[in-house]
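Participant: This is the structure, below, for whatever I ask next.
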Amino acid sequence: MTTTFTHHWQVYGHDWAVAHLQQSMAYERIRHGYLIVGAESVGKETLARQFAMALNCTDPERKPCGQCSACRRIATGNHPDVLYTQRDSETSPLKIEELRLMMQKLALKPFEARYRIAVFRDFDTAQPRAQDALLKTLEEPAPHAILILLAKSLEPVLPTITSRSQVIHLRPAAVQTVYETLTELFNADEDRARLLAHLSAGRMGWAINALNNEEVLGQRAGAFDLLINILGMTRVERFKQSDDLSKDKAALITLLELWLSFWRDVFLLAENSGLEPTNIDQAAALDQLKDRMSGEEAATAVSTTRKTIGLLTDTNANARLALDVLLLDYPGI
Ligand SMILES: [Zn+2]
């Protein structure tokens, strides 16, 4: 085993971050603002939840113990002093009203725990004006209040927020660490662990979720079949597909991200790069595509797919229009 796991924190692949937070607790140097930054499914919310458990755990020695009433309720999201922000939908921003409401809740004394903790999911989606709602609390926090902000990147976060928070960057874990975690701690069989570790690109949360949820791999296979079907379709048929697929924007973004990883692999193979593709379980389909198009066509598909994902994450974009353009741009086979 290449990593030493801190076993009572159920956080994998981010040992240094856990050690850092443990030390701040041991030396009574707990900050009021934390900003956890990292890619989707890398483990931000898991770290936030485990930290909240550690802060409010009632076990005298092992924090978080995972057994006491506080730990168990925080783990299941049912503790009155650990609050989470909500968005209207997966594609809408975190709104100023929600942030103001959270500041009001945070100002109240804890009902029962030592700390009242607010976890801000997708903080990077909040507009600057909305982010401002946190400043007063971050400048003059109540002694019991702790804010944990989660963001995919640092760029959209105001410098005034960043400078008042302890920033913790979570990097993707090594593929080998993901593999070892799945086999040794989750008893996954070796072949499955190898595939999931590979596909995860180091996002531990994704890998653990995919291990427990058979549908994740099934969805991928479905996404690849659909792409190959579309490449064989006429313009009219592609428009019809676009109409169907653009109805659920969040699902569409997930689908396009899978297609993007698929196109990258086709490009690597078409260019004879010698690099191993990501989607090692889809080798037959990848080979089939590689033989039918040039590296240039694959490269164009990579860039147009990436551009469309960028457009869709902007809330004002017309999903139908963006997808029409993309599907017409894809090569035929
Ligand atoms: Zn506990």
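Derivation of every value follows stated rules applied to the coordinates shown; laboratory data play no part. The shown structure was predicted, so the numbers you read here are calculated from the model rather than taken from an experiment. Cβ atoms come from the backbone with ideal geometry, glycine included; neighbour counts cover every protein chain shown.
Participant: Please give the Cα centre distance for the stretch 186-243 versus the stretch 108-160, rounded to the nearest Å.
Facilitator: 34 Å
Participant: Assign unit charges at the C-beta atoms only (+1 for Lys and Arg, -1 for Asp and Glu), then state the dipole size of the stretch 248-333 relative to its Cα centre in Debye, rounded to the nearest 20. Walk me through the numbers before you get to the answer.
Facilitator: Numbers: 7 positive and 13 negative charges, 52 e Å.
The calculation lands at about 240 debye.
Participant: A follow-up question, please. Whole Å is fine, so just give me how far the alpha carbon centre of the stretch 37-53 lies from that of the stretch 260-333.
Facilitator: 30 Å
Participant: Counting only residues 5 or more places away or on other chains, whose amide H sits under 5 Å from the amide H of Tyr34 once H atoms are built in the peptide plane?
Facilitator: Leu147, Ile148, Leu149, Gln166
Participant: Among Ala250, Leu326, Thr305, which residue has its Cα positioned farthest towards the positive end of the charge dipole of the stretch 246-333, with +1 placed on the Cβ of Lys and Arg, -1 on the Cβ of Asp and Glu, and the dipole taken about the Cα centre?
Facilitator: Among Ala250, Leu326, Thr305, the one farthest towards the positive end of the dipole of the stretch 246-333 is Ala250.
Participant: Tilt of helix 295-313 relative to the longest C-alpha principal axis of the chain, in degrees (0 to 90, nearest 10)?
Facilitator: Around 40 degrees separate the two axes.
Participant: Pick from Leu217, Leu55, Leu47: which residue has the top mean-square fluctuation in a GNM of the chain where Cα pairs under 10 Å get a spring?
Facilitator: The residue that fluctuates most here is Leu217.
Participant: In addition: Could you point to the residue in Ala283, Ser24, Gln67 farthest towards the positive end of the chain's charge dipole, with +1 and -1 charges on the Cβ of Lys/Arg and Asp/Glu respectively?
Facilitator: Towards the positive end, the residue furthest out is Ser24.
Participant: When only Cα pairs under 8 Å and 6 or more residues apart are kept, what is the percent relative contact order across the stretch 214-329?
Facilitator: Working: 99 pairs, mean separation 36.7, N = 116.
Answer for the stretch 214-329 is 32 percent.
Participant: Given the pairs Lys249/Lys307; Lys105/Lys136; Lys152/Lys307; Lys95/Lys136; Lys152/Lys247; Lys44/Lys95, which span a C-alpha to C-alpha distance of over 23 angstrom in this model? If you can, show how the numbers build up before the last one.
Facilitator: Values: Lys249/Lys307 15 Å; Lys105/Lys136 14 Å; Lys152/Lys307 18 Å; Lys95/Lys136 17 Å; Lys152/Lys247 25 Å; Lys44/Lys95 20 Å.
Pairs exceeding 23 Å: Lys152/Lys247.
Participant: Right, another one. Can you sort His198, His169 so the residue with the fewest Cβ neighbours within 10 Å comes first?
Facilitator: Working: His198 18, His169 13.
Lowest to highest Cβ neighbour count: His169, His198.
Participant: Which of Leu269, Leu147, Leu94 moves the most in a Gaussian network model of the chain with Cα springs under 10 Å?
Facilitator: Looking only at Leu269, Leu147, Leu94, the biggest GNM fluctuation is shown by Leu269.
Participant: Counting Lys and Arg as +1 and Asp and Glu as -1, each charge on the Cβ, what is the dipole of the stretch 15-169 about the Cα centre in debye, to the nearest 20? Provide the component values of the computation, followed by the final result.
Facilitator: Values: 20 positive and 18 negative charges, 68 e Å.
I would put it at about 320 debye.
Participant: Counting other beta carbons within 10 Å of each Cβ, put Tyr12, Tyr27, Tyr330 in order, fewest first. Before the final figure, lay out the partial values.
Facilitator: Working: Tyr12 24, Tyr27 8, Tyr330 20.
In increasing order of surrounding Cβ atoms, one gets Tyr27, Tyr330, Tyr12.
Participant: Then there's this: For the Cα atoms of the chain, what angle does the longest principal axis make with the long axis of helix 190-200, in degrees from 0 to 90, nearest 10?
Facilitator: 90 degrees
Participant: In debye, nearest 20: dipole of the chain around its Cα centre with unit charges on the Cβ of K, R (+) and D, E (-)? Numbers along the way, then the final one.
Facilitator: Details: 36 positive and 42 negative charges, 266 e Å.
Using only the charged Cβ atoms, the result is roughly 1280 debye.
Participant: Could you work out how far helix 15-26 tilts from the main Cα principal axis of the chain, as a 0 to 90 degree angle to the nearest 10?
Facilitator: Between the helix axis and the principal axis of the chain, the angle is about 10 degrees.
Participant: So, in nm, how far is label Leu158 from label Ser303 when the simple model puts each one 7 Å beyond its Cα toward the Cβ?
Facilitator: Going by the 7 Å Cα→Cβ label model, 3.7 nm.
Participant: Right, another one. Only sites in a loop by DSSP and with at most 15 other Cβ atoms within 10 Å count here; which trypsin sites (Lys or Arg not before Pro) in the stretch 192-251 make the cut? Intermediate values should be presented prior to the final figure.
Facilitator: On the way: sites: Arg192, Arg194, Arg203, Arg220, Arg235, Arg238, Lys240, Lys247, Lys249; in loops: Arg203, Lys247.
Hits after loop and neighbour filter: Lys247.
Participant: Helix-only estimate, please: 222 nm mean residue ellipticity of the chain, summing -39500 (n - 2.57) across DSSP H runs of length 4 or more and dividing by its residues, to the nearest 500. All intermediate terms of the calculation are to be shown ahead of the outcome.
Facilitator: On the way: 16 runs with 173 residues, N = 333.
Dividing the helical sum by the residues of the chain leaves -15500 deg cm²/dmol.
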